[in-house]
Amino acid sequence: MDWYQIENIATIDSPALVVYKQRVQTNIAHLLQMVHQQTDKLRPHVKTNKISEVCQMLLDAGITKYKCATIAEAEMLGLLHAPDVLLAYQPTAAKAARLFALISAYPQTHFSCLVDNLATATLLSAMAGENKMVLSVFVDLNTGMNRTGIKPTDATALCQQIQSLPNVHLTGLHGYDGHIRDTNVADRQQHADNAFATIIDVAEAINKEGEPPLTIVAGGSPTFPMHADRAGVECSPGTFVFWDWGYKHTMPDEPFEYAALVITRVVSIIDQTSITTDLGHKSVAAENPMPRVYFLNAPEVTPIGQSEEHLVAKVPDATKYQVGDVLYGVPLHICPTVALYETAVVIEKGLATTTWKVVARDRKITI
């Protein structure tokens, strides 16, 4: 039996998200090996899994620092008593109010967030003062992603201005280099080095003798190996925990295994070369062009069209398929796929054993 096949598949309605617990544990072990068991080098991003039980597995592995993108993800970590959580997002006033409520509700967790401009830093300082707190902040640097962050050439002045504010503490620098995805490892290393050099320039300008140096958070799943041996750097991969088709084939040098799949069934035979499954774009991330999913037990099935509840695929010979046939799919992009499901079915030793709530798919848990 292939590793992904589920003996009691008849108990699982489709479409479904299934998580292979042992393979998640294996991916965590690979991660630790890649940083030489130095858990202080890690700040994994939980936006991929959004599941308390998976985050607990990371905590059980000795990882104490985390990164997240939403208040709900931050609260999930607070509920688990995670020691250190960076909200890798610059909060507006409404989100900042929730962040301060989170800090009050979960005092055992140290929370911080990103800023990339003085107006937001000033707002956060004022709100922190109103809440009788000092908020730790990381300055977000645009090292080429061109999504958020201040240009590194302008960052030193911003850092100095933040240091003069009364209720925020400049803790570090954040540089996400998600635009670097070279398959060639040497090219990926060179591009990561070039991006990181701009962060170092800012750090050297700000670090003062006798004071703790700024912490640097850098690198997602594609580039964290390039940063793993840098002093003072925390790596923040996220996709590694489940892996997906996109990264598996773009970064073949990384050892991670598929640990989350989508289950779908054939629901109609259209003609001699076309079938339909129940994997609509409500069930697998739809931001990429077709194909958005690849089937491990049926590589000849080629998705060509999708609507809310249906996926149409071309096949060499439709007579080989029957309504009800199960297909095991690897999403091109697992992170937004996970967010489409309320629960994940847990697979252990070939059997569906329980379900885990994808608790942080919601924008709000309680706060």
Cβ-Cβ distance below 7 Å, separation of 6 or more or different chains: which pairs start in region 147-171 with a residue that is more than 21 Å from ASN131 (Cβ to Cβ) and end on one that is open to solvent by less than 40 Å² (accessible area, probe 1.4 Å) and among the acidic types (Asp, Glu)? THR148/ASP116; THR148/ASP140; GLY149/ASP116; GLY149/ASP140; ILE150/ASP116; ILE150/ASP140
With respect to THR48, determine if the residue is part of a loop (DSSP other than H, G, I, E, B) and either open to solvent by 50 Å² or more (accessible area, probe 1.4 Å) or under 30 Å from ARG265 (Cα atoms) (or both). yes
Within region 109-146, residues open to solvent by 40 Å² or more (accessible area, probe 1.4 Å) and in contact with a Gly (Cβ under 8 Å, 6 or more places away or on another chain) come out as MET145
(1) in a helix (DSSP H, G or I); (2) in contact with a Ser or Thr (Cβ under 7 Å, 6 or more places away or on another chain): which one isn't true of ASP140, the others all being true? (1)
Inspect region 70-80 for any residue being touching a strand residue (DSSP E or B) at 6+ places or on another chain (Cβ under 7 Å), of a type outside the set (Val, Ile, Thr) and open to solvent by 10 Å² or more (accessible area, probe 1.4 Å) and give the result as yes or no. no
State all residues of region 241-264 that are touching a helix residue (DSSP H, G or I) at 6+ places or on another chain (Cβ under 6 Å) and surrounded by fewer than 24 Cβ atoms within 10 Å (Cβ to Cβ); if no residue qualifies, say none. TYR247, ASP253, PRO255, PHE256, GLU257
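Go through region 192-216 and give me each residue that's part of a helix (DSSP H, G or I) and open to solvent by less than 80 Å² (accessible area, probe 1.4 Å). Spell out the reasoning first.
Our first condition is that a residue be part of a helix (DSSP H, G or I); within region 192-216, this holds for 192-206.
Of everything in region 192-216, those that are part of a helix (DSSP H, G or I) and open to solvent by less than 80 Å² (accessible area, probe 1.4 Å) turn out to be ALA192, ASP193, ALA195, PHE196, ALA197, THR198, ILE199, ILE200, VAL202, ALA203, ALA205, ILE206.
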Suppose the filter is modelled with pLDDT of 95 or more and open to solvent by 60 Å² or more (accessible area, probe 1.4 Å); does PRO166 pass it? yes
Residue within region 17-40 that is touching a Gly at 6+ places or on another chain (Cβ under 8 Å), assigned to a loop (DSSP other than H, G, I, E, B) and of a type in the set (Ser, Thr, Tyr) present: no
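The values are calculated or read from the model by the stated rules, or taken from the named source; none is laboratory data. Note that this is a predicted model, so its numbers are computed, not measured. Note: ideal-geometry Cβ built from the backbone for every residue, glycine included; neighbour counts use all protein chains shown. Heads up: the accessible areas ignore ligands, DNA and RNA and are worked out on the full protein's heavy atoms, side chains in. Shrake-Rupley method; radii C 1.70, N 1.55, O 1.52, S 1.80 Å.
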